[in-house]
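Report on the following structure.
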Amino acid sequence: MTDAPPPPDTGLDYRVAHLAERLATGSLGELGVRLELRGDTVLLTGTVPSAQCRDEILATAREELAHHPVHSDLLVAGTSSPDHGEDLT
């Protein structure tokens, strides 16, 4: 009888999936954020409507994924009005 190698640790996969569900269905309702698992590091990418939303997402991710590095490439959508008129020709 040979000993099979232990299965890979799926705990982080589960936590990343749980975080994605939490972001999509929670108070933020954020569907535009993608989570990528790269080794033991999680990368958040996408566009969010405000800096406050970005900060809440990062705080939630760091809480959910404690003891794992979280990197952010979240962009804040520009929602300010233009400072000049558009010149149509």
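None of the figures in this text is laboratory data; all of them are computed from the coordinates on show. Just so you know, these numbers come straight off a predicted model, no measurement behind them. Neighbour counts are summed over all protein chains in view; Cβ atoms, including those assigned to glycine, are modelled from backbone coordinates with ideal geometry.
Can you give the angle from 0 to 90° between the axis of helix 11-25 and the longest principal axis of the chain, with both taken from C-alpha atoms, to the nearest 10?
For 11-25 against the chain, the angle is about 30 degrees.
What distance in nm separates the two pseudo spin-label positions at residue 80 and residue 62, each 7 Å out from Cα along the beta-carbon direction?
Each label point is offset 7 Å from its Cα along the Cβ direction, giving 2.6 nm.
Out of all DSSP beta bridges with both ends in the chain, state the antiparallel percent to the nearest 5. The partial results should precede the final answer.
Values: 6 of 13 bridges.
Of the beta bridges lying entirely in the chain, close to 45 percent run antiparallel.
In the chain, with Lys and Arg counted as +1 and Asp and Glu as -1 at Cβ, which of these residues, 48, 29, 66, has the Cα nearest the positive end of the dipole, that is, farthest along it?
Of 48, 29, 66, it is 66.
I want to make sure I understand the PRE zone here: with the label point 7 angstrom from the Cα of residue 28 toward its beta carbon, which residues in the range 71-86 have backbone N atoms less than 20 Å away?
Under cut-off, by backbone N: 71-79.
Take the alpha carbon atoms of the chain, find their radius of gyration, then divide it by 2.2 N^0.38 Å using N residues; give the quotient.
Here the answer is 1.52, to two decimals.
With n ≥ 4 as the cut-off for DSSP H runs, can you work out [θ] at 222 nm for the chain, using -39500 (n - 2.57) per run divided by the number of residues, rounded to the nearest 500?
Numbers: 2 runs with 29 residues, N = 89.
Taken over the chain, the calculation gives -10500 deg cm²/dmol.
For a quick check, take a GNM of the chain with Cα springs below 10 Å and name the residue from 25, 47, 60 with the largest mean-square fluctuation.
25
Would you work out the charge dipole size for the chain about its Cα centre, treating the Cβ of every Lys and Arg as +1 and the Cβ of every Asp and Glu as -1, and quote it to the nearest 20 debye? Walk me through the intermediate numbers first.
Numbers: 6 positive and 15 negative charges, 36 e Å.
Computed charge dipole of the chain: roughly 180 debye.
Determine the relative contact order of the chain: mean sequence separation of Cα pairs under 8 Å and six or more apart, normalised by residue count, in whole percent. Walk me through the numbers before you get to the answer.
Working: 89 pairs, mean separation 23.1, N = 89.
Dividing the mean separation by the residue count of the chain yields 26 percent.
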